[in-house]
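Here is the structure we will look at.
Computed from the coordinates by the stated procedures, all read-outs in this text should not be read as laboratory data. Please read these numbers as outputs of a predicted model, since none were measured by experiment. For neighbour counting, all protein chains shown are included, and Cβ atoms are generated from backbone atoms with ideal geometry for every residue, glycine included.
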Amino acid sequence: MTTLIQRMREELVRRNYAETTMRSYLQTIEDFRRYVGKRLDQLGPHDIRRYQVHSLEERKLGVGTVSNHIAALRFFYVKTLKRHDMKEDLPYPHCAKHNRRLPEILSTEEMSRLINSAQNLFHYTMLLTMYSAGLRRSELCRLKVSNIDSGRMMIRIERGKGDVDREIPLSQKLLTTLREYWRWMRPKTYLFPGTQNGWRADKPITAKVIWEAVQKAARKAGIEKHVTPHTLRHCFATHLLESGADLRTIQVLMGHKDIEATTRYLHVSTKRLQAAASPLERIPVSGPGRLQRSRKLHKPE
């Protein structure tokens, strides 16, 4: 780690950024440095423009991903190097928020197939926990045994996105599985322990482990939709909405800072869309019975 990147890390820590955000920002700056092939303090607006064009045109990265890269570069130049003049050379891609695609949603039947297709008890419990609580991958990685409060039937999520804590109701079905899983795995600190040198260790699992668990289950279940770990979180919110939960409740459970992030699930809820009757249903029309079948024009008599 170069001296400047170390300075950036210290600045991120000083401002109490989440661990996942810190890793993402530092990785972006390192990627930027490797691409340009110069010292970071020797880079200028021309290098930034080349990197942005390279990310969008050659690497074909999504607008949201490039926006995150810009946020990292802005932090590095403006907050770490105190070069406030560079902010003008770091514009966000146009309409990044408006170009966001609607998430892929599994039906409840497909979700059941996905979870039941888990490779083993470890994967099964991970998928069940993610869907039951609507967790992000980073939140599942850091989930601790002590976060499961069976007395209050709550799951405590510590330092979620934006460094915010929240609580989610603990499903009785999930609790039954967690007890069976605990008797087998005997986790100490982290509910889903990772490995070190091929052996189980009291450390968090990596996001890659979760990704592979979801991909294997999706293939075995024969699901052709594009499924990722975040799909389970999207399904959690959408299925809650379809079962009658209000948006404010879903916002709190998801840990969304802004209700706008939650309202996107209105657009992917099939039941909500079907409940919005077409205005055609409220106007009288004669029906197709009396109309001729031919499209030929009749000659005037």
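Once the convex hull of all Cα atoms in region 84-238 is built, its volume per residue stands at 162 Å³. In this rough spin-label picture, where each label sits 7 Å from Cα along the Cβ direction, the SER107-ARG15 distance is 4.6 nm. Say we join alpha carbon atoms closer than 10 Å with springs in a Gaussian network model of the chain; which of VAL164, VAL209, VAL53 then has the biggest fluctuation? Its mean-square fluctuation being the largest, the pick is VAL53.
Gain on full extension, evaluated as 0.36 nm per residue between ASP258 and ALA207 minus their Cα-Cα distance, stands at 15.8 nm.
Just want the ordering: TYR92, TYR190, from fewest to most Cβ atoms lying within 10 Å of their own Cβ. Could the numbers behind the result be given before it?
Values: TYR92 14, TYR190 19.
So the ranking, lowest neighbour count to highest, is TYR92, TYR190.
Extension gain, ARG7 to ARG34: 0.36 nm times the residue separation minus the Cα-Cα distance gives 7.9 nm.
How would LYS79, LYS188 line up from fewest to most surrounding beta-carbon atoms within 10 angstrom? Mind dumping the intermediate values first?
Numbers: LYS79 15, LYS188 12.
In increasing order of surrounding Cβ atoms, one gets LYS188, LYS79.
What ranking, highest mean first, results for peptides 220-228, 120-128 when packing means the other Cβ atoms within 10 Å averaged over each residue?
Details: 220-228: 14.2, 120-128: 19.2.
Result, highest mean Cβ count within 10 Å first: 120-128, 220-228.
Near ILE148, once Lys and Arg are set to +1 and Asp and Glu to -1 for all other residues with Cβ below 11 Å from its Cβ, the sum equals +3.
With each label modelled as a point 7 angstrom along the Cα→C-beta vector, the SER67-ASP149 pair spans 3.4 nm.
Between THR125, THR108, HIS256, the Cα set farthest toward the positive side of the dipole of region 108-274 (charges on each charged residue's Cβ, about the Cα centre) is that of THR125. The length gained on full extension between ARG183 and LYS87, counted as 0.36 nm times the residue separation minus their Cα-Cα distance, comes to 29.2 nm. Helices in the chain, meaning DSSP H runs of at least 4 residues, each add -39500 (n - 2.57). Divided by all residues, the mean residue ellipticity at 222 nm is -14000 deg cm²/dmol.
Comparing GLY222, SER24, HIS234 along the charge dipole axis of the chain, the residue lying farthest to the positive side is GLY222, per the Cβ-charge model.
Close amide-amide hydrogen proximity is noted between MET154 and ASP149, LEU170, each under 5 Å apart and 5 or more residues distant or on a separate chain (H modeled in the peptide plane; Pro and chain starts excluded).
To the nearest 20 debye, what is the magnitude of the charge dipole of the chain about its Cα centre, counting +1 on the Cβ of each Lys and Arg and -1 on the Cβ of each Asp and Glu?
Working: 55 positive and 31 negative charges, 72 e Å.
The dipole magnitude comes to about 340 debye.
When Lys and Arg each count +1 and Asp and Glu each count -1, what net charge do the other residues less than 9 Å away from GLU19, Cβ to Cβ, add up to? Before the final figure, lay out each step's value.
Working: positive: ARG23, ARG142, ARG159; negative: none.
Once all neighbours under 9 Å are counted, the net charge is +3.
Over the Cα atoms of region 3-89, compute the convex hull volume and normalise it per residue, giving Å³.
Details: hull volume 7.9 nm³, N = 87.
Dividing the Cα hull volume of region 3-89 by its residues yields 91 Å³.
To the nearest 0.05, how large is the calculated FRET efficiency for TRP199 and ARG282 if R₀ is 41 Å and r is the Cβ-Cβ distance? That pair, TRP199 with ARG282, gives E of 0.05. Among ASP31, ASP258, a tally of other beta-carbon atoms within 10 Å of each Cβ gives an order, fewest to most, of ASP258, ASP31.
The value obtained for the chain, namely the Cα convex hull volume divided by the number of residues, is 245 Å³ per residue.
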